[in-house]
Ligand code: PMP
């Protein structure tokens, strides 16, 4: 099985999953961070933190308050959206209180894709226009209307043609993009590209309904747009009669630490016309929301076409959503995202000073990207090396994934209850893996910082270790001296 692990980790995951089913009864209250089965260890939330993607369970897996809220409401009443229930109103009020006052109308739906699809409908209805501006490498969802505006998916079909109603603006990536950190005003330069795109669309007689972007690009490579970018884009788009949609499906709910919503990082003078939310909203329970202004909502209501969604805003989902907001507040998870996010960034920056393979460390709070390059001048993407890091960390029971157009950006978006010890463990495990890869590539270490102690003994209990040792494939005895060719780590890398 060691060889199987080595050459085909997808098979390995399947084998492990089967082994778990055979050997464990799933009635204990703790989660294993490797395969998310239940095991009898002390702290499920701590252990399960070590899954560093996707940003779905912000308050930690199976948080008892969230489980209880959902179970109680399920045991009381669940209805479809034809019936009003207090939970819906209470949740809308709580959500609204986190947003600028202009964003005052909520539509409850069930997935990020539903939210973005509805956002496009709202925009088209309000503006009377059809065209959408999206960003290079963007992903906004799996339904037809969103695949059309998700260039991220089109990399897999290089010959696929975009519809004439879709316009793709450069990703505002100051590390690898067309205007970089040394540009005097990258925000204005990238926003000017959007203005030019609008001008070209107008020349063809087309009209812009919306500009849609994640407040920080996730699948696109954990990109942090330069400050002021969205304000300037919004000015160009609104002048053309369009609206701005902020996709907060991955980055919302306090993950960026300093703010509850990532669009707020740009400053109080930027308020999108529509905000979409998903993934973390229900801590794993499927629910999502679109929030917009009274004007946009009024136009939709008076269009004559009723909007109906059977499950959107049902009492169970809203009870869960309320519990998630309660826990984020009660446990100061936003503050934790600031503190632990900074700690993790510092540790990763220290690794960058030592490891030439790390080209860039970027992000906000607990949304961090580490871009691996073979050469810091040419920025040649270290794609296979990123996959190798993922494999090796998986052997250490740490789940990480890579993203970006070259799949060379390691993404760190753990549950927001991530601890300093978790951060230190990840950094300590990453360090030797990078050293080993650099030896293979012939890259020399740069500096030798203290990257934190390996606290694995504190976070992985012996019992849990035995659990894995007993059922998993044995680890290779010695370190690999070559880099795997496979690009599939056995963990779906895309779109999360
Ligand atoms: N927007 C973004 C930014 C996403 O990352 C995703 C999912 N990865 C979606 C929308 C679609 O969400 P869902 O998969 O819940 O439909």
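I'd like the full set of residues that are within 16 Å of the ligand (Cβ to nearest atom) and modelled with pLDDT of 95 or more, limited to segment 149-165. Residues satisfying the conditions are 149, 150. Residues in segment 336-349: is at least one outside any helix (DSSP H, G or I) and out of contact with any strand residue (DSSP E or B) (no Cβ under 8 Å at 6 or more places or on another chain)? No, segment 336-349 contains no residue that is outside any helix (DSSP H, G or I) and out of contact with any strand residue (DSSP E or B) (no Cβ under 8 Å at 6 or more places or on another chain).
Please go through segment 350-375 and pick out each residue that is part of a helix (DSSP H, G or I) and in contact (Cβ under 8 Å) with a residue 60 or more places away in the chain.
Taking segment 350-375 and keeping what is part of a helix (DSSP H, G or I), we get 350-354.
Listed by number, the residues that qualify are 350, 351, 353, 354.
With respect to the conditions (1) at pLDDT below 95; (2) surrounded by fewer than 20 Cβ atoms within 10 Å (Cβ to Cβ); (3) within 13 Å of the ligand (Cβ to nearest atom), residue 219 falls short on a single one, namely (2).
Looking only at segment 293-320, which residues are in a helix (DSSP H, G or I) and either over 27 Å from the mean Cα position of the chain (by Cα) or closer than 18 Å to residue 116 by Cα (or both)? If you could, list the steps in order and put the result at the bottom.
Narrowing segment 293-320 to residues in a helix (DSSP H, G or I): 294-301, 315-320.
Result: 294, 295, 296, 297, 298, 299, 300, 301.
Tell me which of these residue 168 doesn't satisfy, since it passes every other one: (1) in a strand (DSSP E or B); (2) under 24 Å from residue 256 (Cα atoms). It is condition (2) that residue 168 fails.
Within segment 115-148, the residues that satisfy the criterion of being within 13 Å of the ligand (Cβ to nearest atom) and in a helix (DSSP H, G or I) are 115, 116, 117, 118, 119, 120, 144, 145, 146, 147. If you go through segment 100-111 and keep only what is in contact with a helix residue (DSSP H, G or I) (Cβ under 9 Å, 6 or more places away or on another chain) and closer than 20 Å to residue 265 by Cβ, you end up with 100, 102, 103.
Would you mind finding the one in 256, 290 that is in contact with a helix residue (DSSP H, G or I) (Cβ under 7 Å, 6 or more places away or on another chain), more than 23 Å from residue 154 (Cβ to Cβ), in a loop (DSSP other than H, G, I, E, B) and touching a residue at least 12 places away in the same chain (Cβ under 8 Å)? Break it down into steps so the answer makes sense when it comes.
Details: 290 fails: in a loop (DSSP other than H, G, I, E, B).
Selected residue: 256, the only one of 256, 290 that is in contact with a helix residue (DSSP H, G or I) (Cβ under 7 Å, 6 or more places away or on another chain), more than 23 Å from residue 154 (Cβ to Cβ), in a loop (DSSP other than H, G, I, E, B) and touching a residue at least 12 places away in the same chain (Cβ under 8 Å).
Which of the residues spanning segment 235-250 are within 16 Å of the ligand (Cβ to nearest atom) and part of a loop (DSSP other than H, G, I, E, B)? Matches in segment 235-250: 248, 249, 250. When we screen 254, 278, 282 for residues that are closer than 18 Å to residue 217 by Cβ and either surrounded by fewer than 21 Cβ atoms within 10 Å (Cβ to Cβ) or under 16 Å from the mean Cα position of the chain (by Cα) (or both), the only hit is 278.
Any residue at all in segment 180-190 that's buried (at least 21 other Cβ atoms within 10 Å of the Cβ) and within 14 Å of the ligand (Cβ to nearest atom)? No, because not a single residue in segment 180-190 is buried (at least 21 other Cβ atoms within 10 Å of the Cβ) and within 14 Å of the ligand (Cβ to nearest atom). In segment 151-177, the residues that are without any contact (Cβ under 8 Å) to a residue 12 or more places away in the chain reach residues that are surrounded by fewer than 21 Cβ atoms within 10 Å (Cβ to Cβ) and part of a loop (DSSP other than H, G, I, E, B) with C-beta atoms within less than 7 angstrom, at least six apart or across chains, in these pairs: 154/160.
Here is a check on your reading of the model: is residue 353 modelled with pLDDT of 95 or more, touching a strand residue (DSSP E or B) at 6+ places or on another chain (Cβ under 7 Å) and surrounded by fewer than 20 Cβ atoms within 10 Å (Cβ to Cβ)?
no
Does segment 266-275 include one or more residues that are away from the ligand (no atom under 16 Å from the Cβ), assigned to a helix (DSSP H, G or I) and within 22 Å of residue 219 (Cβ to Cβ)? Yes, the conditions are met somewhere in segment 266-275. Only residues that are in a helix (DSSP H, G or I) and in contact (Cβ under 8 Å) with a residue 12 or more places away in the chain were counted in segment 203-234, giving 6.
The values are calculated or read from the model by the stated rules, or taken from the named source; none is laboratory data. Remember, it's a predicted structure, so these values are computed and weren't measured experimentally. With ideal geometry, Cβ positions are generated from the backbone for all residues, glycine too; neighbour counts draw on all protein chains shown.
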